[in-house]
Amino acid sequence: MSEFLETAPVWLKDWVLGLLAGFGVPGWILDLVAAGMVVGTCIGIFLGLFALMSVMERKILARCQNRYGPNRVGPFGLFQPVADGIKMITKEDIVPAAADRVVHFLAPVVMMVPALLVLAILPYGRDLVPVQLDAGILYFFAVGAGTEVAVFMAGWSSNNKYSVIGAMRAIAQMISYEMPLVIAALTAAMVSGSLAPQAIVEAQGPAGFLPGWYVFTPWGFVAALIFYTCALAESNRCPFDLPEGESELVAGHLTEYSGFKYATFFMAEYIGMFAICGLFVTLFLGGWQAPLPALGFVPSWVWFFAKVCAVAGSMVWVRATLPRLRIDHMLGFAWKFLLPMGFVTFLAAACWHYAGRGPAGWLASLAIVGAAYVALSANFSRRFSLERRVYQFSE
Amino acid sequence: MNEQKTSRWSESFAGRLLSGLRFPGAGLVKGLAVTARNFVGSYFEKDRLLTELYPEQRPRLPENSRSFPFLIYDGNDPEAGMRCVSCKICEKECPPQCIYIVQDRDAAGKALKRPRVFNIDISVCMSCQICVEVCPFESIRMDQVFEASSYDRFGSLVLTKRDLLKSNEYYHGIHPTEAAETDARIEADRKKKEAAAAAKAAKAAETAKAAAEKKEAPAA
Amino acid sequence: MIQNILNELAADPWGVAGKWFALAPAAVLLLAAAAAVVARNLVRAALALTLSFMALGVLFISLGAEFLGFVQLMVYVGAVAMLIVFAILLTRPDRLRRTATALRGAGPAAGVVIGLVTLGGLLGVISTSPLAAGTKCAPAATAPVARIGEVLMGSHVAALLAVGVLLTAALVGAAILAIEDK
């Protein structure tokens, strides 16, 4: 039974294709249908997750703040996304008169497309990778670069100084946090010996007394934390959501967007968040593997989505806890702490590997990472000494 | 009450362990612990969630809160037990002039001590309670109904006599202290009137008796 | 000729579609580059340039150089285009209409001549190289990305180290330029 569930998606696709082939449908239409089924399923699942996430985030935030979340629409408020969707669709679409109409229209499109494209390389299950790419991790970051262009387009075309400032801050944030993100990802790729996501998952092989996932190694734990932090920053989530902070910049680069275009940005942000959670799970949490061999009867895709939902839930937990960072603090954190920490973790992973992956390697990598952490945090725990203020322009 | 609880938790072992953390980044961990405690506690500790789920849970209004006026009747029959005698003092004293009274007349055209029409326009009423303060007959008081919205701006926001008449028991239900005082005052007034009538009757009886004695005396 | 195309379409539709689709990124690339040169609005020119970078990346991927395509997208679209955008935003926020480039006279004519000469030179070099004889390379034994890594760390490690030094120098230079006088 568990094997049937495990291979159910592939079996279903083959069954449909066989049925169509039996009707004499030509080969190239079959290829199209196969691709369409995979793409449709993938997008459908993630859109459903997006809808669920939008209500679960509000409810979890509410419970963390000692209040109920939305609980009017549907049982426990679970139909709230339907109400939100109807609201977004029926809102008037206002474009400022002095805005650049073409670019203003294209910005949500350019934002949405990379968010959907990156879902293609994630291994959802043992045989469930939509596209097997040799350099899959690199593809992820390459396509993610399109998001920055979209943010600029959104901010610029609104012809509004708050939007432009918001867009510049957002782009600066995304570029700064992309570096430690890539380095943390490359740490996991280096140890696995491949850039293909499927190979990385399989390299986090069977368990000792702890699962062999990279998050349970010293360098892997730190790399996972760095990746997680940069993932929060890349998807503009709290505590890095200055670009869309309402109290600072109205809505930053999204100020002039209303109705369905805003919903598209919102959707792109959440789907991007799920995609990067998916990558986090693939790189550090063992992807579709069960934690214990005894739990292997649960299908692999259930494990994958359970882990992704757990990581997304933890992102909501972080959002409920931490206040927003100021832009100079945010960028300083990225360049002065995360980037050096990323390089040191890379070094520690190499030491672990070349020391034979045994206890010596564990101790060495732990020592390196610990020392770097203490040294770099000393940079941030300086007490602010209050100096005598010098007013430059007052006589 | 919540403050007591958190201080007790922070003195517990887990709380002291968490507050003693001093490594860089400890603040993040403590914050996450607080949020997690809130999250889990909101399911198990009943008094954490202070939200009033409105249509299911009615808000507990203070006793003296008021919204719009209503007329009181004693007994079971609204028309017969109505205290209002149509003196029109409230109509004159109402600052935005939202009360409209027409006195009732009998078949012969003689004025009766009751209103035929008593309308209050609650879209105009400002809940100042002046009508209550000037009524000599304790017949108009402030209600606590706040869900008076309607889709019809001009029709349903004018309350007629039938809408406004509510029983004395209802008044006791919403403003118990005030109702008890009003009833005591009415009772005292009634006793005083009865005593005055009794004294008057006694005095009249005595005068009659004295006159009768005086009549008998010259005859004797 | 039309008959040939139709025959081929009936035999192998995806192959024919693939051949024509392979031209699409090149067409987009040329159009976007032309738009970047000609556009009046500077920001639209920058966005057209970004589009041409993306099209070049897609072209690399469609020709089988996946690694190069992804790096092109990551570096050019993610970093260089953003650099251009920041340069525009931070230096000339008010005057975005470019002064009209004169489309008559000696300048454009010289440009066309230089372009044709360059094109001729490139075509000559390509046609006399061994690749033009249509020799196909044998598929690599190891994965292409691994092969690139081996070459970079093995026989071309000097180039890699030189690039590292160059980047460090650039970073230090940028920090010095940006540091405030305290």
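The values are calculated or read from the model by the stated rules, or taken from the named source; none is laboratory data. For clarity, every value in this text was computed on a predicted model and none was experimentally measured. Here the Cβ is made from the backbone with ideal geometry for all residues, glycine too, and neighbour counts use every protein chain on show.
Looking for whichever is more than 23 Å from A:ALA154 (Cα to Cα) and of a type outside the set (D, E, K, R) here; the options are C:ALA48, C:ALA33, C:ALA27, C:ALA79. Which one fits? Within the list C:ALA48, C:ALA33, C:ALA27, C:ALA79, the selection yields C:ALA27. Listed by first and then second residue, the pairs with beta-carbon distance under 6 Å, at least 6 apart or on different chains, first residue in the range C:51-77 and at the interface with chain A (Cβ under 7 Å from one of its Cβ atoms), second buried (at least 19 other Cβ atoms within 10 Å of the Cβ) and aromatic (Phe, Trp, Tyr), are C:PHE70/A:TYR139; C:MET74/A:PHE141; C:VAL77/C:PHE53. Test B:SER150 against the stated conditions and say whether it is among the small types (Gly, Ala, Ser), surrounded by 14 or more Cβ atoms within 10 Å (Cβ to Cβ) and outside any helix (DSSP H, G or I). It is false that B:SER150 is among the small types (Gly, Ala, Ser), surrounded by 14 or more Cβ atoms within 10 Å (Cβ to Cβ) and outside any helix (DSSP H, G or I).
Every residue, every condition in (1) within 26 Å of A:LEU138 (Cβ to Cβ); (2) surrounded by 17 or more Cβ atoms within 10 Å (Cβ to Cβ); (3) of a type outside the set (S, T, N, Q); (4) not assigned by TED's automatic domain parsing to the domain that holds C:ALA87, yes or no:
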| site | (1), (2), (3), (4) |
| --- | --- |
| C:ILE5 | no, no, yes, no |
| C:GLY15 | no, no, yes, no |
| C:LEU30 | no, no, yes, no |
| C:ALA33 | yes, yes, yes, no |
| C:ALA46 | yes, yes, yes, no |
| C:THR50 | yes, yes, no, no |
| C:GLY57 | yes, yes, yes, no |
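Of the residues that sit in the range A:51-96 and are touching a residue at least 40 places away in the same chain (Cβ under 8 Å) and small (Gly, Ala, Ser), which one is surrounded by the fewest Cβ atoms within 10 Å (Cβ to Cβ)? Here the answer is A:GLY85. Taking first residues from the range C:107-125 that are under 14 Å from C:VAL37 (Cβ atoms) and partners that are modelled with pLDDT under 90, the Cβ contacts under 9 Å between residues at least 6 apart in sequence or on separate chains come to C:GLY107/C:THR101; C:PRO108/C:THR101; C:PRO108/C:ALA102.
Okay, residues lined up against (1) modelled with pLDDT under 90; (2) closer than 23 Å to B:LYS46 by Cα:
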{"position": "A:ASP14", "(1), (2)": "yes, no"}
{"position": "A:PHE23", "(1), (2)": "yes, no"}
{"position": "A:GLY27", "(1), (2)": "yes, no"}
{"position": "A:ALA34", "(1), (2)": "yes, no"}
{"position": "A:ALA51", "(1), (2)": "no, no"}
{"position": "A:ARG58", "(1), (2)": "no, yes"}
{"position": "A:TYR68", "(1), (2)": "yes, yes"}
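Can B:ASP106 be described as over 30 Å from A:PRO239 (Cα atoms), surrounded by 15 or more Cβ atoms within 10 Å (Cβ to Cβ) and among the charged types (D, E, K, R)? The answer is no for B:ASP106. For the range C:58-75, a residue qualifies if it is closer than 16 Å to A:ALA150 by Cβ and under 11 Å from the mean Cα position of the chain (by Cα), and exactly one does: C:LEU73.
Residues in the range B:64-95 that are at pLDDT below 95 and surrounded by fewer than 12 Cβ atoms within 10 Å (Cβ to Cβ): B:ASN64, B:GLY75, B:ASN76, B:ASP77, B:GLU79, B:ALA80. Going by the conditions given, is B:GLN97 closer than 30 Å to B:SER167 by Cβ, in contact with a Ser or Thr (Cβ under 7 Å, 6 or more places away or on another chain) and in contact (Cβ under 8 Å) with a residue 12 or more places away in the chain? Here the answer is no, as B:GLN97 does not meet what is asked. Can you find a residue in the range B:13-30 that is loosely packed, with under 10 Cβ neighbours inside 10 Å, under 30 Å from B:MET142 (Cβ atoms) and within 14 Å of chain A (Cβ to nearest Cβ)? No, there is no match, as no residue in the range B:13-30 is loosely packed, with under 10 Cβ neighbours inside 10 Å, under 30 Å from B:MET142 (Cβ atoms) and within 14 Å of chain A (Cβ to nearest Cβ).
Inclusion of A:VAL182 among residues that are modelled with pLDDT of 90 or more, in contact with a helix residue (DSSP H, G or I) (Cβ under 6 Å, 6 or more places away or on another chain) and buried (at least 18 other Cβ atoms within 10 Å of the Cβ) is warranted.
Working carefully through the options B:VAL102, B:VAL34, B:VAL40, find the one that is of a type in the set (Val, Ile, Thr) and in the same structural domain as B:ALA148 (by TED's automatic domain parsing). The unique qualifying residue is B:VAL102. Residues in the range A:122-132 that are within 14 Å of chain C (Cβ to nearest Cβ) and hydrophobic (A, V, I, L, M, F, W, C): A:VAL131 alone.
Condition first: within 14 Å of chain C (Cβ to nearest Cβ) and surrounded by 13 or more Cβ atoms within 10 Å (Cβ to Cβ). Now tell me which residues in the range A:1-27 satisfy that. Result: A:VAL25, single match. Being in contact with a helix residue (DSSP H, G or I) (Cβ under 6 Å, 6 or more places away or on another chain), within 10 Å of chain C (Cβ to nearest Cβ), of a type outside the set (Lys, Arg) and surrounded by 15 or more Cβ atoms within 10 Å (Cβ to Cβ) holds for only one residue in A:ALA150, A:ALA135, A:ALA99, and it is A:ALA135.
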